[in-house]
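Visitor: Have a look at the structure that comes next, please.
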Amino acid sequence: MTTVDELFDVHYARLVRSLAVAFDPEAAADAVQEAFIAADRQWERLASYDDAAAWVRRVAINRLLNERRDRRRRDEILATMRVVADGDLTAELIDLRRAVARLPQQMRLAICLHYLADLSVHDVAAALGVAPGTVKSNLHDARIRLRTRLEETPDG
């Protein structure tokens, strides 16, 4: 392939069709589009690959697997939460709010946008103007800090 446009013309539809069987069709189309956008940005390097289409496939699959994992984690967390009526804040929930407030701003925003606003890692990254990997790192670090703070005893 000499251009990313040619690569797109040859492989896009087939890749979307194949991934749509294993994943949600809309998510598959989005992931393949994002993979081609990434390929376009890195085309100088990818043009020299023996199989640039394999790189695009791997990127699209990774995006879909990451989304699935993130959704599963979010569902697990949401399953442990309970609805709180106005004025029914327990000491435990107040402690959670305080613990979140003590996080650095980027971690706090990542946690709130991802878990409370139900945004994907990619949407959080776009909202904060950072790479998805940065969001994942912030979420990971924030979860560790929150777990540590919430497990501390008041006598500490």
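Visitor: Looking at 50, 40, 24, can you tell me which residue is closer than 19 Å to residue 121 by Cα and not assigned by TED's automatic domain parsing to the domain that holds residue 125? Quick ask: steps written out before the conclusion?
Guide: Values: 50 fails: closer than 19 Å to residue 121 by Cα; 40 fails: closer than 19 Å to residue 121 by Cα.
Criteria check complete, one pass: 24.
Visitor: Which pairs have Cβ atoms under 7 Å, sit 6 or more apart or on different chains, and link a residue in the range 131-156 that is small (Gly, Ala, Ser) to one that is at pLDDT below 95?
Guide: 131/125; 142/103; 142/107; 142/110; 142/111
Visitor: Out of everything in the range 52-82 that is acidic (Asp, Glu) and touching a helix residue (DSSP H, G or I) at 6+ places or on another chain (Cβ under 9 Å), what residue ends up being modelled with the lowest pLDDT? Explain how you work it out, then say what you get.
Guide: First, pick out the residues of the range 52-82 that are acidic (Asp, Glu): 67, 70, 75-76.
Adding the requirement that they be touching a helix residue (DSSP H, G or I) at 6+ places or on another chain (Cβ under 9 Å) leaves 67, 70.
Details: 67: 89, 70: 86.
Once the filter is applied, the top-ranked residue is 70.
Visitor: Could you tell me which of the residues 15, 19, 46 is touching a Phe, Trp or Tyr at 6+ places or on another chain (Cβ under 8 Å) and either at positive phi or touching a residue at least 40 places away in the same chain (Cβ under 8 Å) (or both)?
Guide: On the way: 15 fails: touching a Phe, Trp or Tyr at 6+ places or on another chain (Cβ under 8 Å); 19 fails: touching a Phe, Trp or Tyr at 6+ places or on another chain (Cβ under 8 Å).
Among 15, 19, 46, only 46 is touching a Phe, Trp or Tyr at 6+ places or on another chain (Cβ under 8 Å) and either at positive phi or touching a residue at least 40 places away in the same chain (Cβ under 8 Å) (or both).
The values are calculated or read from the model by the stated rules, or taken from the named source; none is laboratory data. Everything quoted here is computed from the prediction, not taken from an experiment. As a convention, Cβ positions derive from the backbone with ideal geometry for all residues, glycine included, and neighbour counts pool all protein chains shown.
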